[in-house]
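Data first, discussion second: the structure below is written as structure tokens.
The values are calculated or read from the model by the stated rules, or taken from the named source; none is laboratory data. None of these values were measured; they are calculated from a predicted model. For neighbour counting, all protein chains shown are included, and Cβ atoms are generated from backbone atoms with ideal geometry for every residue, glycine included.
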Ligand code: ARG
């Protein structure tokens, strides 16, 4: 700054003619955060109203000044909401933009608002309030996504599909069971969100610059007014802590990873080669050159958004890792990362909820695929253990020979004649055919959490009661 005795930036418009040279313009550009922190206007005004009310209650400012301040702040709120507010980059950030406008509106009383606080606790407050609201929104959106999966799982509790490991056909499962796997994943994300809300539920305002204040403030009163459980306990930590933002980003990164895996499955399932699902027109796009194509662009973009979210998490961790206590201006760079990640996460959840609700499931295709690749081989081995008393290792070997024979004949296990099976092991009877179908295979897996329709329905009932 050319002159730090100048108390407001607007005066620099008066003397700036001569001085508006390179460095000052660059200083303003690197310093200003209003371009992005204006998003915090509602939180900033709410915080200021709570602060002014507390100051008056404690006799630190007069009731008359408080009334003027609160009235002025409400006017500013409606100005901003209706788009009639001019943000100024010279005023750096949302806090000074609001305060400068307050001075224009109500005169000298505006100068009393900043008593017993600093922009350091102010920004910590505004940002925490914003992140808390975003977490609450995320919680609701995840509940919507879980509900979409529960409906599809119910509808397809008996629809057989191939289960994969290494993306190779492993054993038949039901599509309902596969859907419920995502319910577990997004359910964990949601409980992480709930924990994060608990962690951040402490009010920073009143920590002031870093050391607290000599004014007789009541931090419990502002905490209550702003909907926090209690005030933070250490003023130094309060102004230098951005864990709540990092926690939001790590939750977003984990949820993004889940969304991206789902996106990848949808991309694979919707190829003509798999043909397990058909995306609705609402969630796919055409090709400008190949008329036959229907592309899963939304799923692909969800997969890509996850990359952005991961980038934001790493960026903020890196911004914070070398900072000495307490506040440093580096911390101003926290907001864009969180805003960008929040937007990406919201879009990704919304797109996935829509896709899951709208997609058409091709059960015939899934069932045919479930039966190919000798997916009931384990069922044959289990039958040999159960009915013929073989040790599992021997049963595995016998089954391997049956698979090899079927392969050489170009047929499924269930299509091998009994004489062929008996030539491999004499104790095999025609009862074995009961377990070689995919339906029988799936129905037999009744272990807790298994793929049998009865178990899938138990899982659905558990989550319905929770959701
Ligand atoms: N715009 C700043 C930020 O986002 C507000 C806090 C500024 N504090 C300060 N001491 N300069 O971090």
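Here are a few things to note about the model shown:
- Segment 320-341: number of residues that are assigned to a helix (DSSP H, G or I) and closer than 16 Å to residue 120 by Cβ: 8
- Condition broken by residue 35, with the remaining ones in (1) surrounded by fewer than 15 Cβ atoms within 10 Å (Cβ to Cβ); (2) more than 14 Å from the ligand (Cβ to nearest atom); (3) under 25 Å from residue 205 (Cα atoms) satisfied: (2)
- Checklist (1) part of a helix (DSSP H, G or I); (2) within 16 Å of the ligand (Cβ to nearest atom); (3) more than 21 Å from the chain's Cα centre (by Cα) applied to residue 129, failing item: (3)
- Pairs linking a residue in segment 118-143 that is within 27 Å of residue 215 (Cβ to Cβ) and modelled with pLDDT under 95 to a residue that is in a helix (DSSP H, G or I) and within 16 Å of the ligand (Cβ to nearest atom), with Cβ atoms under 7 Å and 6 or more positions apart or on different chains, do not occur.
- Any chance residue 267 is in contact (Cβ under 8 Å) with a residue 24 or more places away in the chain and in a helix (DSSP H, G or I): yes
- Residue that is farthest from residue 30 (Cα to Cα), among those in segment 79-95 that are in a loop (DSSP other than H, G, I, E, B) and within 12 Å of the ligand (Cβ to nearest atom): 93
- Checked against (1) without any contact (Cβ under 8 Å) to a residue 24 or more places away in the chain; (2) touching a helix residue (DSSP H, G or I) at 6+ places or on another chain (Cβ under 9 Å); (3) closer than 28 Å to residue 250 by Cβ, residue 191 passes all but a single condition, namely (2).
- Those residues of segment 318-338 which are surrounded by fewer than 17 Cβ atoms within 10 Å (Cβ to Cβ) and within 16 Å of the ligand (Cβ to nearest atom), in sequence order: 323, 324, 325, 328, 329, 330, 333
- Any hit, segment 6-22, residues being within 14 Å of the ligand (Cβ to nearest atom), within 41 Å of the chain's Cα centre (by Cα) and at pLDDT 60 or above: no
- Lone qualifier among 315, 364, 368 - being surrounded by fewer than 19 Cβ atoms within 10 Å (Cβ to Cβ), within 16 Å of the ligand (Cβ to nearest atom) and free of Cβ contacts under 8 Å to residues at least 40 places away in the same chain: 315
- Conditions (1) over 15 Å from the mean Cα position of the chain (by Cα); (2) farther than 25 Å from residue 360 by Cβ: number failed by residue 288: (2)
- Helices (runs of 4 or more DSSP H) fully within segment 415-467 counting 2 or more residues that are modelled with pLDDT under 95 and touching a strand residue (DSSP E or B) at 6+ places or on another chain (Cβ under 9 Å): 438-444
- Top-ranked residue in segment 295-310 [being under 20 Å from residue 254 (Cβ atoms) and out of contact with any helix residue (DSSP H, G or I) (no Cβ under 8 Å at 6 or more places or on another chain); ranked as nearest to the ligand (Cβ to nearest atom)]: 307
- When residue 377 is tested against the conditions (1) surrounded by fewer than 18 Cβ atoms within 10 Å (Cβ to Cβ); (2) without any contact (Cβ under 8 Å) to a residue 40 or more places away in the chain, the lone failure is (1).
- Some residue of segment 340-348 being within 16 Å of the ligand (Cβ to nearest atom), in contact with a helix residue (DSSP H, G or I) (Cβ under 9 Å, 6 or more places away or on another chain) and within 30 Å of residue 132 (Cβ to Cβ): yes
- Candidates in segment 97-117 are the residues that are in contact (Cβ under 8 Å) with a residue 60 or more places away in the chain and within 16 Å of the ligand (Cβ to nearest atom); of these, the one that is farthest from residue 199 (Cα to Cα) is 100.
- Answer residue from segment 159-212, given it is surrounded by 20 or more Cβ atoms within 10 Å (Cβ to Cβ) and within 16 Å of the ligand (Cβ to nearest atom) and is farthest from residue 438 (Cα to Cα) among those: 208
- Qualifying residue in segment 382-395 (condition: on the phi < 0 side of the Ramachandran plot, in contact with a helix residue (DSSP H, G or I) (Cβ under 6 Å, 6 or more places away or on another chain) and assigned to a loop (DSSP other than H, G, I, E, B)): yes
- Check on residue 314, more than 27 Å from residue 164 (Cβ to Cβ) and part of a helix (DSSP H, G or I): yes
- Listed conditions (1) in a helix (DSSP H, G or I); (2) touching a strand residue (DSSP E or B) at 6+ places or on another chain (Cβ under 9 Å) are all met by residue 374, apart from (1).
- Residue within segment 285-292 that is in contact (Cβ under 8 Å) with a residue 24 or more places away in the chain, farther than 30 Å from residue 132 by Cα, away from the ligand (no atom under 16 Å from the Cβ) and surrounded by fewer than 16 Cβ atoms within 10 Å (Cβ to Cβ) present: no
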